[in-house]
1. Tell me the residue from Asp147, Asp162 that is surrounded by fewer than 17 Cβ atoms within 10 Å (Cβ to Cβ) and free of Cβ contacts under 8 Å to residues at least 40 places away in the same chain, please.
2. Evaluate the following for Gly178: is it under 30 Å from Asp316 (Cα atoms) and either surrounded by fewer than 21 Cβ atoms within 10 Å (Cβ to Cβ) or hydroxyl-bearing (Ser, Thr, Tyr) (or both)?
3. Condition check: under 22 Å from Val93 (Cβ atoms), in contact with a strand residue (DSSP E or B) (Cβ under 6 Å, 6 or more places away or on another chain), aliphatic (A, V, I, L, M) and at pLDDT 95 or above. Does Ile54 satisfy that?
4. Answer yes or no as to whether Pro270 is surrounded by 13 or more Cβ atoms within 10 Å (Cβ to Cβ) and assigned to a loop (DSSP other than H, G, I, E, B).
5. Residues that are within 27 Å of Phe174 (Cβ to Cβ) and surrounded by fewer than 23 Cβ atoms within 10 Å (Cβ to Cβ): does segment 4-12 have at least one?
6. Anything in segment 273-303 that is part of a helix (DSSP H, G or I) and of a type outside the set (A, V, I, L, M)? List them, or say none.
7. Does Thr157 fit the bill of being touching a residue at least 40 places away in the same chain (Cβ under 8 Å), out of contact with any Ser or Thr (no Cβ under 7 Å at 6 or more places or on another chain) and among the hydroxyl-bearing types (Ser, Thr, Tyr)?
8. Please go through segment 207-258 and give me each residue that is assigned to a loop (DSSP other than H, G, I, E, B), crowded, with 16+ Cβ neighbours inside 10 Å and under 19 Å from the mean Cα position of the chain (by Cα), ordered by number.
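The values are calculated or read from the model by the stated rules, or taken from the named source; none is laboratory data. Remember, predicted model here, so these are calculated numbers, not experimental data. Glycine also receives a Cβ, built like all others from the backbone with ideal geometry; neighbour counts cover every protein chain displayed.
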Amino acid sequence: MERVLITGVAGFIGSHLADYFLDKGFDVVGVDNFITGNPRNIAHLKEHPRFRFIEHDVTRPLEVSDKIDYVLHFASPASPEDYRRIPIQTLKVGAMGAHNMLGLAKAHKARILMASTSEVYGDPEVHPQSEDYWGHVNPVGPRSMYDEAKRFQEALTVAYRDFHGVDTRIVRIFNTYGPRMRLNDGRVVPNFMGQILRGENLTVYGDGSQTRSFCYIDDQVEGIYRLLMSDYKNPVNIGNPDEVSILELARELLELSGRKDLQIDFKPLPKDDPKRRCPDISLARRLLDWEPRVDRKTGLRKTFEYFRSLPQEEWDRKTPKDFEKYIKR
């Protein structure tokens, strides 16, 4: 029986990956320090006979006695609310965390898949974004701690592949959404849904013409798995090319919620906020026979139902997590 180690297992994508691999018959070792992950996301796995959890900060070396066949490095603060409050930890998990996980994969002769991001393209000057585009990133801007951590992580992964012969994969993840996201994480889908649940007007930055392309979590996880099991070693975009403006998304969610009493408030566009974001998934279609299947209306409905089912105290806009113990590291 093969064993996969998933860092960031209590996070949004990591927890869904754990479910997916367990359903396929793998043993799963989950690693998280709960800096942004939620124990509730993996509570249902506590008694699973093929799931083992290690509470650990991956910026520190990790030794695992059991044989590991695959490593998926998904540990990382991944939202504006997170990486603005813990910028150094964000950089460290993309650098030192990646270094430690690559070393673990090398020691176990395991295949490793690194979770990169569409943020490596920055505020793109090429549209849609294909894997051969080098990006347009501000290395000292307000998003730099996340963007540059992921760019460095990709470079380190390629160095381990070419110098040490580690079997590597790199996935560039575009905007993903679905159940188990945090309402207060600063990303647009939970932002809007949280405002709706609290009965607040929706906040749109700029004129709302900036675009994103949203991939439902089930599609994202399937794409990640297919990439892991492929022979392709260079970065691959996994996302949904169904592009939508932020203003249109806000209107769709207001219609979905039935809240006719809420309006849209406009505020200035944040610095370095990407104007357009849409993946070219030609490579994923050709190599992995993959493309998203869940339409946005269905995915948004499922996500909203999940958020609405949470205790009302979690609808609050405040960030409940205490970051103090991490800030000076």
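1. Details: Asp147 fails: surrounded by fewer than 17 Cβ atoms within 10 Å (Cβ to Cβ).
None of the others qualify; the one that does is Asp162.
2. Working: under 30 Å from Asp316 (Cα atoms): yes; either surrounded by fewer than 21 Cβ atoms within 10 Å (Cβ to Cβ) or hydroxyl-bearing (Ser, Thr, Tyr) (or both): no.
Here the answer is no, as Gly178 does not meet what is asked.
3. Numbers: under 22 Å from Val93 (Cβ atoms): yes; in contact with a strand residue (DSSP E or B) (Cβ under 6 Å, 6 or more places away or on another chain): yes; aliphatic (A, V, I, L, M): yes; at pLDDT 95 or above: yes.
Yes: the conditions hold for Ile54.
4. On the way: surrounded by 13 or more Cβ atoms within 10 Å (Cβ to Cβ): no; assigned to a loop (DSSP other than H, G, I, E, B): yes.
No: the conditions fail for Pro270.
5. Residues of segment 4-12 that are within 27 Å of Phe174 (Cβ to Cβ), as a first pass: 4-12.
Narrowing further to those that are surrounded by fewer than 23 Cβ atoms within 10 Å (Cβ to Cβ): none.
No.
6. Of the residues in segment 273-303, the ones part of a helix (DSSP H, G or I) are 282-288, 296-303.
Hits for segment 273-303 are Ser282, Arg285, Arg286, Arg296, Lys297, Thr298, Gly299, Arg301, Lys302, Thr303.
7. Details: touching a residue at least 40 places away in the same chain (Cβ under 8 Å): yes; out of contact with any Ser or Thr (no Cβ under 7 Å at 6 or more places or on another chain): no; among the hydroxyl-bearing types (Ser, Thr, Tyr): yes.
In short, no.
8. Residues satisfying the conditions are Phe214, Pro235, Gly239, Asn240, Pro241.
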